[in-house]
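Q: Have a look at this one before I ask anything.
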Amino acid sequence: MSLRITDLRLRRFRATQRSTWMFLEIETEDGLVGTGECSDSGWPEQVPETVARLASRVLGTDAVAGGQDLCDQLRRECALHGDRRTRFLRRTVIGGLDMALADIAAQARGVPLWRWLGGEQRESVPVYANINRSGGRRRPRDFAIKAAAAVADGHGKIKVAPFDGPPLPGWSIVDTGLAIAQAVREAIGEAAELMIDVHHKLSREELAAAVPRLDDLGVAWLEDAVDVTDPEAMRWLAALAKAPIAGGETIHSPEQLAAALSTGHLRVLLLDPKYTSGLTPLARLAQQATGVDVTYHNPCGPISTAVCAHLATIHPDFTLVELMYGEDVDRAAVVTPPETVMGASLPLSMAPGLGVGLTPGLDFLAESA
């Protein structure tokens, strides 16, 4: 079998007005296709050029014998060159490349990706519903409708970022966000869990006003209220909030993770295989993350979701995979076989490799690098 890489393709899919999913496909000489995702890079217009620059490094490489060495070299170069925005973009693209290479490696061995990663077999992995990109106006009633629909579909854990949008006319950002959070809580009832993502939108003064009122809603976790790698900020927030503190989606180094864990106040760690620049770096971080719940940040398309499902098998303290709920797109049709969410769980593929690929003939914008 020849695993020499003959093609590297970027395939873009406009899912919603908010979301354009970006996928990488690698094809080998013998016809194996590996798939990864590099969505939400923070600089989408630069992704095609970044992928094109990778082509000269990737094409002709043996996907298994040389793939991981190549990714390690690219990570080292990424850490040394460019500004913060450029490095984030490159890490995300390298993360997608690493996913695709791992897919091929597992296919070549004839085993599911979770087994290739050394994970433990599961029938399915638990997911939670992020309704933040669910379309419609960003008003309390709109979020309440989506939240109620998610609960009706079997989800018992709902996440929303209520402070993202512009304030309602005549209202502050705090009052607007609190009204959205209250509406979601009323829609899902007391039995369901409510997670709040602040997205670093509030100042400390605003957090001081908002957090106690969020605590009154029985929030299951408070995400990205402050920089979790800043010990002073974490101590300040922990003194204010009753809710468990969550965050860490952009953590990509052992030093960052050590800082996030240093105060003992981080309760929920969100790791993202795109932003860690791949599966192996994420697995190393997950092993370092003791004393916290490990979840996977995944506001993305079905390829990243499938990757996170396989990764969920590698860590004993793993809890949840994030699932974007209510986007106005047929997610299931983007991949073959179709993505299937059963209640609040995602079946784990037993097929070789990732177990899914992009659906042939779908309206992708495809570009061979």
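Table: residues versus (1) under 21 Å from the mean Cα position of the chain (by Cα); (2) open to solvent by 20 Å² or more (accessible area, probe 1.4 Å).
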position: ARG14; (1), (2): yes, yes
position: LEU24; (1), (2): yes, no
position: GLU29; (1), (2): no, yes
position: GLY34; (1), (2): yes, no
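Q: Right, another one. Filter the range 244-262 for residues that are part of a loop (DSSP other than H, G, I, E, B) and open to solvent by 10 Å² or more (accessible area, probe 1.4 Å); which is farthest from THR276 (Cα to Cα)?
A: Checking each candidate, the answer is PRO244.
Q: Right, something else. Taking the condition of being open to solvent by 30 Å² or more (accessible area, probe 1.4 Å) and under 23 Å from the mean Cα position of the chain (by Cα), how many residues in the range 149-161 meet it?
A: Matching residues across the range 149-161 total 6.
Q: Related question: Anything in the range 48-62 that is in a helix (DSSP H, G or I), in contact with a helix residue (DSSP H, G or I) (Cβ under 9 Å, 6 or more places away or on another chain) and open to solvent by less than 70 Å² (accessible area, probe 1.4 Å)? List them, or say none.
A: Hits for the range 48-62 are THR50, VAL51, LEU54, VAL58.
Q: So which residues in the range 315-331 are farther than 11 Å from ASN130 by Cβ and open to solvent by less than 30 Å² (accessible area, probe 1.4 Å), if there are any at all?
A: Result: HIS315, PHE318, ARG331.
Q: Does the range 108-138 hold any residues that are open to solvent by less than 10 Å² (accessible area, probe 1.4 Å) and part of a loop (DSSP other than H, G, I, E, B), and which are they?
A: ILE131, SER134
Q: Given the structure, is ARG122 in contact with a Leu (Cβ under 7 Å, 6 or more places away or on another chain) and not acidic (Asp, Glu)?
A: yes
Q: Kindly provide the set of residues from the range 68-107 that are among the small types (Gly, Ala, Ser) and open to solvent by 40 Å² or more (accessible area, probe 1.4 Å), ordered by number.
A: Matches in the range 68-107: ALA79, GLY82.
Q: Out of (1) closer than 15 Å to ILE5 by Cβ; (2) open to solvent by 50 Å² or more (accessible area, probe 1.4 Å); (3) small (Gly, Ala, Ser); (4) in a helix (DSSP H, G or I), what's the single condition that is false for ALA65?
A: Unmet condition: (4).
Q: Next question. Here are some residues: LEU117, LEU89. Which one is in contact (Cβ under 8 Å) with a residue 24 or more places away in the chain and farther than 25 Å from GLU327 by Cα?
A: Answer to the selection: LEU117.
Q: Filter the range 199-223 down to the residues that are over 13 Å from ILE173 (Cβ atoms), open to solvent by 10 Å² or more (accessible area, probe 1.4 Å) and either among the basic types (Lys, Arg) or in contact (Cβ under 8 Å) with a residue 12 or more places away in the chain (or both) and list them by number. Show your work before the answer.
A: Here is the first cut: in the range 199-223, the ones over 13 Å from ILE173 (Cβ atoms) are 204, 208, 211-223.
Checking which are open to solvent by 10 Å² or more (accessible area, probe 1.4 Å) leaves us with 204, 208, 212-213, 215-221.
Those that are over 13 Å from ILE173 (Cβ atoms), open to solvent by 10 Å² or more (accessible area, probe 1.4 Å) and either among the basic types (Lys, Arg) or in contact (Cβ under 8 Å) with a residue 12 or more places away in the chain (or both): ARG204, ALA208, PRO212, ARG213, ASP215, LEU217, GLY218, VAL219, ALA220, TRP221.
Q: Being assigned to a loop (DSSP other than H, G, I, E, B), under 17 Å from HIS155 (Cα atoms) and out of contact with any Pro (no Cβ under 8 Å at 6 or more places or on another chain) is the filter here; which residues of the range 303-356 pass it?
A: Across the range 303-356, the qualifying residues are TYR325, GLY326, GLU327, VAL341, GLY343.
Q: Being in a loop (DSSP other than H, G, I, E, B) and touching a residue at least 60 places away in the same chain (Cβ under 8 Å) is the filter here; which residues of the range 273-302 pass it?
A: PRO273, LYS274, TYR275, THR276, SER277, GLY278, PRO299, CYS300, GLY301
Q: How many residues are in a strand (DSSP E or B) and free of Cβ contacts under 8 Å to residues at least 24 places away in the same chain when one looks only at the range 15-47?
A: 1
The values are calculated or read from the model by the stated rules, or taken from the named source; none is laboratory data. Note that the structure is a prediction, hence the values are computed from the model and not measured. Virtual Cβ from ideal backbone geometry, glycine too; neighbours counted across all protein chains shown. Heads up: the accessible areas ignore ligands, DNA and RNA and are worked out on the full protein's heavy atoms, side chains in. Shrake-Rupley method; radii C 1.70, N 1.55, O 1.52, S 1.80 Å.
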